[in-house]
């Protein structure tokens, strides 16, 4: 009997995506330890990785990293298929759609901060819509919208600046490698 | 050159535009959603029937006839009150200006009531 061996050879692209997804997952798990005043409002530090990947490798890689992060982090945190997971997934999908559009804006004028804020708004928009349709079928959830919008602006700005700083650092290292 | 970490460099003109738009959206949403309780109109009832309905956009006075005499309702932009009433205890007059949707002033002896209507009242219904 001949043994058949199936060998999966990860490409350089696979490794790159896995490396970035691992960083994003680590940030999400670390962030889960931070106590937060409002459910649904959190910094979303993993998005720094998504933004960096978007700027360096394009939207496809960013989508892989973002979605792998949502699935793997929810498994690690015991949230898989819980309501929080679906909110997270809806937010990530909406953010990716927003990023697909935002990445087409002229680079000279719109940097990672724009991408970050637009994605953050798409994120809370999708979460509020899903929460309204499924979890809290009452217009009361929209009373949280201004607060969540404020968080989107604040954390979008902070994450965008962090991603921009990271990109500058990576560009510097690339030049001097 | 090593990146200086100057955060201003990362903030492109378009970024500032989007930042300002985001803040404006939040402020607008806050005003729109948290305005709850602002009244739209005043409803004046006499003897259980609607005597007058007035929007709260302009000032006016309404004299409502009742069994004891005329109750005077005063309306100003955004608020309304019972300015004068022939009743003995003057409860509805002493209530002062009504400013929230759902607020009611009742002049029972003269069978006149003043109600502010609008979305987001504080209660679902009232029976008396």
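The values are calculated or read from the model by the stated rules, or taken from the named source; none is laboratory data. Keep in mind the model is a prediction, meaning the values are calculated, not measured. When we count neighbours, we look across all protein chains shown, and the Cβ atoms used for this are built from the backbone with ideal geometry, even at glycine.
Checking region A:74-84 against the condition returns no match, with no residue being within 29 Å of residue A:167 (Cα to Cα), buried (at least 23 other Cβ atoms within 10 Å of the Cβ) and at pLDDT 90 or above.
Being surrounded by 14 or more Cβ atoms within 10 Å (Cβ to Cβ) and farther than 17 Å from residue A:160 by Cβ: is that true of residue A:70 here? Yes, satisfied.
Hey, could you check region B:13-33 for residues that are within 20 Å of the chain's Cα centre (by Cα) and at the interface with chain A (Cβ under 7 Å from one of its Cβ atoms) and say which is modelled with the lowest pLDDT? Within region B:13-33, the match that is modelled with the lowest pLDDT is B:33.
Would you be able to say whether some residue in region A:71-83 is touching a helix residue (DSSP H, G or I) at 6+ places or on another chain (Cβ under 8 Å), closer than 18 Å to residue B:12 by Cβ and in contact (Cβ under 8 Å) with a residue 40 or more places away in the chain? For region A:71-83, residues touching a helix residue (DSSP H, G or I) at 6+ places or on another chain (Cβ under 8 Å), closer than 18 Å to residue B:12 by Cβ and in contact (Cβ under 8 Å) with a residue 40 or more places away in the chain: absent.
Is region A:5-21 home to any residue that is out of contact with any strand residue (DSSP E or B) (no Cβ under 8 Å at 6 or more places or on another chain), under 28 Å from residue B:14 (Cβ atoms) and assigned to a helix (DSSP H, G or I)?
Applying the first criterion (out of contact with any strand residue (DSSP E or B) (no Cβ under 8 Å at 6 or more places or on another chain)) to region A:5-21 yields A:5-21.
Next, only the ones that are under 28 Å from residue B:14 (Cβ atoms) stay: A:20.
Restricting the remaining residues to those that are assigned to a helix (DSSP H, G or I) gives A:20.
Looking for residues that are out of contact with any strand residue (DSSP E or B) (no Cβ under 8 Å at 6 or more places or on another chain), under 28 Å from residue B:14 (Cβ atoms) and assigned to a helix (DSSP H, G or I), one finds at least one in region A:5-21, hence yes.
For region B:99-122, the set of residues classified as farther than 12 Å from residue B:43 by Cα, assigned to a loop (DSSP other than H, G, I, E, B) and touching a strand residue (DSSP E or B) at 6+ places or on another chain (Cβ under 8 Å) consists of B:99, B:100, B:110, B:111, listed by residue number.
Before we move on, is residue B:68 out of contact with any helix residue (DSSP H, G or I) (no Cβ under 6 Å at 6 or more places or on another chain) and within 30 Å of residue B:34 (Cβ to Cβ)? No: the conditions fail for residue B:68.
Quick one: in region A:129-141, of everything that is touching a helix residue (DSSP H, G or I) at 6+ places or on another chain (Cβ under 6 Å) and under 21 Å from residue A:44 (Cα atoms), which residue is farthest from the other protein chains (Cβ to nearest Cβ)? The extreme case among them is A:130.
Out of B:2, B:89, B:61, one residue alone is at pLDDT 90 or above and either closer than 30 Å to residue A:113 by Cα or in contact with a strand residue (DSSP E or B) (Cβ under 8 Å, 6 or more places away or on another chain) (or both). It is B:61. The residues of region B:99-115 that are at pLDDT below 90 and either touching a helix residue (DSSP H, G or I) at 6+ places or on another chain (Cβ under 6 Å) or surrounded by 21 or more Cβ atoms within 10 Å (Cβ to Cβ) (or both) amount to a single one, B:103.
Residue by residue, here is whether (1) modelled with pLDDT of 95 or more; (2) over 18 Å from residue A:159 (Cα atoms); (3) in a helix (DSSP H, G or I) holds:
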{"residue": "A:28", "(1), (2), (3)": "no, no, yes"}
{"residue": "A:35", "(1), (2), (3)": "no, yes, no"}
{"residue": "A:41", "(1), (2), (3)": "no, no, no"}
{"residue": "A:44", "(1), (2), (3)": "no, no, no"}
{"residue": "A:49", "(1), (2), (3)": "yes, no, yes"}
{"residue": "A:63", "(1), (2), (3)": "yes, no, yes"}
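Considering only residues that are more than 8 Å from chain B (Cβ to nearest Cβ) and in contact (Cβ under 8 Å) with a residue 60 or more places away in the chain, look in region A:149-160 and name the one that is surrounded by the fewest Cβ atoms within 10 Å (Cβ to Cβ). Applying the filter and picking the extreme gives A:158.
Residue-level check: of (1) buried (at least 21 other Cβ atoms within 10 Å of the Cβ); (2) away from chain B (no Cβ under 14 Å), residue A:99 misses just (2). For residue A:146, the conditions (1) crowded, with 18+ Cβ neighbours inside 10 Å; (2) touching a residue at least 12 places away in the same chain (Cβ under 8 Å); (3) at the interface with another protein chain (Cβ under 7 Å from one of its Cβ atoms) are fulfilled apart from (2).
Quickly run through region A:161-172 and pick out the residues that are within 7 Å of chain B (Cβ to nearest Cβ) and surrounded by 17 or more Cβ atoms within 10 Å (Cβ to Cβ).
Answer for region A:161-172, where residues must be within 7 Å of chain B (Cβ to nearest Cβ) and surrounded by 17 or more Cβ atoms within 10 Å (Cβ to Cβ): A:161, A:164, A:165, A:168.
Which residue, of A:102, A:122, A:63, is over 24 Å from residue B:16 (Cβ atoms) and without any contact (Cβ under 8 Å) to a residue 60 or more places away in the chain?
A:63
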